[in-house]
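Worksheet: one structure, shown below.
The values are calculated or read from the model by the stated rules, or taken from the named source; none is laboratory data. No experiment lies behind these values; they were computed from the predicted model shown. So basically every Cβ, Gly included, is an ideal-geometry build from the backbone, and we count neighbours across all protein chains shown.
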Amino acid sequence: MNKLYACIAAAEEEEEEQPGSLRSDEAAVAGLVELAQRFSHRIEAIVDGILFDVSGLHNRIGTPAQIAGKISEALRAKNIRANIAVAANAQTAILYAQSRSGITVIEEGIHQRLPLETLGIDQDTLNVFRTLGLEDTVDLKRVPERELVARYGPEFRKVTDLINQNGVHVLTPNLKENHVSWNYDLDFPVDDFERLIFILGHGLGKILEETAYFGFSSEQIDIALKLDDKTTAEYSIKLSFPTMDKAFWLKLINLRIGNNPPPCEIVSINLVCRFARQRAIARGLFSATRPEPESLLLTVDKIKNIVGAGNVGVPVLVDQRLPEAFALDSEKLPAGREQKERSEPRPVLALTYFHPPLPADVSIFKGRLMYLKTRHFAGKVIEYGGTWKESSQWWTRRLWERMEWDVELEDRRLYRLAMNKSDWFITGVYD
């Protein structure tokens, strides 16, 4: 059998819809999509159900009846009540799933009875058929097709196509997925993550292959390790660029988890790959050579393992008046994008700190700064601004420990001058 389709449709409810039915439970519908993804990559959501391509599963599961049985077992495990139909024609699978309760397997060339009401025939024509003693599809098949088409017009050919399992419905995947996942339960708990790299690499290859099938790339992979003490160790690896390089992802996962290993034995692995648009790379002939982002990120993670994750990152300004007022964002990397259009530059002063600060001699006359001298430079004070407290954190004692000024000398250089108790220092110079 070349083609095979499965359809799951909502079961009929006698009165009001019960919890667990597809019509009444959004969670059941989401569970249905997840269930279909176990059997197929080509899935179409239809009214009150779902259609998916199960071609080729005979090599792994068996006959169409066995495939339908596996789908039924998965539905029962999720406590979802629904009808199942498996057929070689997509329209036929939809028709029987929406018309018959339970499991229906339609073998090629074998017809199963259906009421004529299920074929979409108008009521007047149905009344005529009943007058003629035609009650179901088996009765209608006895009437020559050309006579039906001649009597009721070319549009009636759609009805005869349904009866003859020649429907023209084309499965069109219409689910907007944003991730794929992979789970693996270990046969016995493992306390060394490095022993799981082979299994992890297999799962990583699976989810990246599925991501590529949907036409996407990924810049985030989430890892959940279920542990022997009933807890879960979770890791989320986010990049500033999308990539499908399996070897890169595997090295990065190994580095991240190795830097913060789970506290006890691992019993199962769950991988989730988040979709992102594919990266477009177009380098000009005269573009500057720079390292690939994958190589840069791996190098950064290796450095983090040596010096600590909190000591590597991108400087971020802190919106407070503090000495050396910046922090390191360890989760961020430079964008690395070349600026093609430049706006009008604005004058910016950058302060370069001296480590250690330079001791200074300061001359004061009538409460004003007059002259400043260090072992490297000296000069008359032309202008200055201050006094400022070292810290904007008024709740700490450091607020009162040091006072600061910005000082301009006669050579037009600007310096940061500080007084700690009775000692004077030059802590930096403005560029």
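Selection of first residues in segment 409-420 that are farther than 13 Å from P359 by Cβ and of second residues that are part of a strand (DSSP E or B) and of a type in the set (G, A, S), restricted to Cβ pairs under 6 Å at least 6 apart or on distinct chains, gives the following pairs, ordered by first then second residue: L409/G379; E410/G379; D411/G379; R416/G428. Pick from segment 56-90 the residues that are more than 29 Å from D161 (Cβ to Cβ) and of a type in the set (S, T, N, Q): which of them is nearest to the chain's Cα centre (by Cα)? The extreme case among them is N79.
Inside segment 213-237, can you point out the residues that are within 16 Å of the chain's Cα centre (by Cα) and at pLDDT 85 or above? Within segment 213-237, S217, S218, E219, Q220, I221, D222, I223, A224, E234, Y235, S236, I237 qualify.
Residues in segment 97-113 that are without any contact (Cβ under 8 Å) to a residue 40 or more places away in the chain and either outside the structural domain of P64 (by TED's automatic domain parsing) or part of a loop (DSSP other than H, G, I, E, B) (or both): R100, G102, G109, I110, Q112, R113.
Residues checked against (1) surrounded by 14 or more Cβ atoms within 10 Å (Cβ to Cβ); (2) at pLDDT 90 or above:
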site	(1), (2)
I46	yes, no
G49	yes, no
N59	no, no
A87	yes, yes
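Being surrounded by 16 or more Cβ atoms within 10 Å (Cβ to Cβ) and among the small types (G, A, S), is that true of even one residue in segment 172-193? Scanning segment 172-193 turns up at least one residue that is surrounded by 16 or more Cβ atoms within 10 Å (Cβ to Cβ) and among the small types (G, A, S). Screening segment 196-218 for residues that are of a type in the set (S, T, N, Q) and in contact with a Cys (Cβ under 6 Å, 6 or more places away or on another chain) and picking the one that is nearest to I253 (Cα to Cα) gives S218. Is at least one residue of segment 379-396 part of a loop (DSSP other than H, G, I, E, B) and at pLDDT 75 or above? No, segment 379-396 contains no residue that is part of a loop (DSSP other than H, G, I, E, B) and at pLDDT 75 or above. Any chance segment 8-25 includes a residue that's modelled with pLDDT of 85 or more and either closer than 19 Å to L162 by Cα or out of contact with any strand residue (DSSP E or B) (no Cβ under 6 Å at 6 or more places or on another chain) (or both)? Yes, segment 8-25 has at least one match. Against the definition (of a type in the set (A, V, I, L, M, F, W, C) and assigned by TED's automatic domain parsing to the domain that holds S217), how does F188 come out, yes or no? When the stated conditions are applied, F188 passes them.
Set side by side, the residues G153, G133 differ, and just one is out of contact with any helix residue (DSSP H, G or I) (no Cβ under 8 Å at 6 or more places or on another chain) and of a type in the set (G, A, S), which is G153. Applying the condition of being surrounded by 15 or more Cβ atoms within 10 Å (Cβ to Cβ) and hydroxyl-bearing (S, T, Y) to segment 214-239 and asking which residue is nearest to R195 (Cα to Cα) yields Y235. When segment 179-199 is filtered for residues that are within 18 Å of the chain's Cα centre (by Cα) and under 23 Å from N260 (Cα atoms), the ones remaining, listed by number, are S181, W182, N183. Regarding segment 108-122, can at least one residue be identified that is closer than 23 Å to T172 by Cα and among the charged types (D, E, K, R)? Checking segment 108-122: at least one residue is closer than 23 Å to T172 by Cα and among the charged types (D, E, K, R). Exactly one of (1) touching a Cys at 6+ places or on another chain (Cβ under 6 Å); (2) closer than 18 Å to I257 by Cβ; (3) of a type in the set (S, T, Y) is unmet by Y235. Its number? Going through (1) touching a Cys at 6+ places or on another chain (Cβ under 6 Å); (2) closer than 18 Å to I257 by Cβ; (3) of a type in the set (S, T, Y) one by one, Y235 breaks only (1).
Listed by first and then second residue, the pairs linking a residue in segment 354-367 that is more than 13 Å from M419 (Cβ to Cβ) to a residue that is surrounded by 12 or more Cβ atoms within 10 Å (Cβ to Cβ), with Cβ atoms under 7 Å apart and 6 or more places separating them unless they lie on different chains, are F354/I426; F354/T427; F354/G428; L358/T374; L358/F425; L358/I426; S363/Y371.
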